[in-house]
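Asks: Take this structure first; my questions come after.
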Amino acid sequence: MLKVHSWLRNLKYAIIAATMYCIAALFFIRKEAFTGSWILYSGNFLFALVIAIFILRFNKKRAENASTTVMIFAGIITTVIGIITSCLICLLLLLILVPGVFSSSASILQNTPPQMTQPSHELILALFMSSTIGNFCAGAFIALLLPFSVKRDQTGETQNEKPG
């Protein structure tokens with residue numbers, strides 16, 4: 001698992017997943033309305049879809065019988081790298097598309113709930129909470145669920161279990 005080509009494959013799919021999420025984040029930033037939060041959820045879905053494709057291709061590369069633990073580990077690592085990459089890209093998008101977002105005292109998002117009281121920080125909060133927590137939940141869910149579904153021969157991993 002720690003070979004160079006495996007890390008490069010993880011990095012490739014993590015960048016693709018982050019890019020798919022950031023495309024949705026771009027539309028959310030352009031909409032400038034809290035009612036467009038569903039766009040961020042669709043970005044989380046796209047992120048999870050890329051992680052699922054990664055796990056399926058990872059398993060296929062290992063003759064469709066990769067270890068479940070290795071697939072889970074690879075999915076989680078790809079998810080974490082994708083989260084870091086998506087946060088960096090979202091930061092760049094904020095700096096480019098919303099000049100003065102960190103120093104502005106005006107509200108950027110319309111129709112924000114009263115719980116988001118800090119001006120201009122509601123956009124930052126919504127974007128980074130979705131890119132960290134939303135992407136982690138979506139990616140980890142796929143990384144934990146899919147390996148158990150795609151492994152064909154599951155008898156090889158139960159050698160240490162005692163019948164009973």
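Asks: Pull up all non-local amide H partners of Ala33: gap of 5 or more, or a different chain, and H-to-H distance under 5 Å with H placed in the peptide plane.
Replies: Gln110
Asks: Report the relative contact order of the stretch 21-102, percent, no decimals, based on alpha-carbon pairs under 8 angstrom and at least 6 residues apart.
Replies: It comes to 32 percent, rounded to a whole number.
Asks: Output needed for the stretch 1-61: three equivalent-ellipsoid semi-axes, defined as square roots of 5 times the C-alpha gyration tensor eigenvalues, in descending order, whole Å.
Replies: They are 29, 11, 6 Å, listed from largest to smallest.
Throughout, read-outs are computed from the coordinates displayed, never taken from laboratory work. Just so you know, these numbers come straight off a predicted model, no measurement behind them.
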